[in-house]
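Worksheet for the structure shown next.
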Amino acid sequence: MKFELMHPADQLVLLMDRIYHHGMTTTSGGNLSIRDENGDVWITPKGIDKGTLTRQDIVRVRADGEVVGIHEPSSELPFHQDIYRKRPDIRAVVHAHPPCLVGFSLARIIPNTFLTPNTRLVCGDVAMAAYEVPGSVALGANIAKEFLRGVNCVMLENHGVVCGGPDIFTAFMRFETLENAARLQLDANAIGTLRPLT
């Protein structure tokens, strides 16, 4: 499948389906977006079951602010837009609440990305954004500030994680890889002493 040739709405539905059915978010949790070459943002809707999304549910927010679709855009649209404004190289954003990463965010700990060979290559540096109310302008500012430092994965205190990329598949790969790293770290700690790579 040529993923990059799919319509933005179809890309969002496919990956949200994967995230939801792999237990990496809840019915009401998380949002994905893609910024197209026109500057329009395609985003998952507000208040719709994440396990049942269809192409018709995806919302298009034009560069001039006009909303096109049968639903309202995600309430967290502002932080997606903030990231796109501050990082023109980012064309897609994945935000969800995978259990292990949420657990790490509750403890205010960033998973060790040096435990397996590929994690660091895929995720790079990981930052932690200070807590603010979900959907607030202040939360968007905190997240965008971390992305402005050049990182592509930002954990949110007591909330979840946001990953960006040049396309939605890369953003998803970073998201999935970081959650996997968190799970492996918990498993390894339960067995014995961690031995990170240099």
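Of (1) part of a loop (DSSP other than H, G, I, E, B); (2) of a type in the set (S, T, N, Q); (3) buried (at least 17 other Cβ atoms within 10 Å of the Cβ), THR177 satisfies all except one. Which?
Against the list (1) part of a loop (DSSP other than H, G, I, E, B); (2) of a type in the set (S, T, N, Q); (3) buried (at least 17 other Cβ atoms within 10 Å of the Cβ), THR177 comes up short only on (1).
Filter segment 29-87 down to residues that are polar (S, T, N, Q) and surrounded by fewer than 21 Cβ atoms within 10 Å (Cβ to Cβ), then give me how many there are.
6
For residues that are of a type in the set (Val, Ile, Thr) and more than 16 Å from CYS163 (Cβ to Cβ), scanning just segment 1-28, find the one that is least open to solvent (accessible area, probe 1.4 Å).
Ranking the candidates gives VAL13 first.
Restricting the search to segment 63-78, which residues are of a type in the set (A, V, I, L, M, F, W, C) and touching a strand residue (DSSP E or B) at 6+ places or on another chain (Cβ under 7 Å)?
Across segment 63-78, the qualifying residues are VAL67, VAL68, LEU77.
Of the conditions (1) of a type in the set (Lys, Arg); (2) touching a strand residue (DSSP E or B) at 6+ places or on another chain (Cβ under 6 Å); (3) surrounded by fewer than 19 Cβ atoms within 10 Å (Cβ to Cβ), ARG108 fails just one. Which one is it?
(2)
Using the structure shown, decide if ASP82 is modelled with pLDDT of 95 or more and within 16 Å of the chain's Cα centre (by Cα).
No, not satisfied.
Here is a yes/no grid of residues against (1) open to solvent by 10 Å² or more (accessible area, probe 1.4 Å); (2) part of a strand (DSSP E or B); (3) of a type in the set (Asp, Glu); (4) farther than 26 Å from LEU194 by Cα:
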position	(1), (2), (3), (4)
ALA127	no, yes, no, no
TYR131	yes, no, no, yes
GLY140	no, no, no, yes
ILE143	no, no, no, yes
PHE147	no, no, no, yes
MET155	no, yes, no, no
VAL161	no, yes, no, no
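The values are calculated or read from the model by the stated rules, or taken from the named source; none is laboratory data. Values in this document were obtained by computation on a predicted structure and should not be read as measured data. With ideal geometry, Cβ positions are generated from the backbone for all residues, glycine too; neighbour counts draw on all protein chains shown. Just the protein is used for accessible areas: all its heavy atoms, side chains included, with ligands, DNA and RNA removed. Shrake-Rupley method; radii C 1.70, N 1.55, O 1.52, S 1.80 Å.
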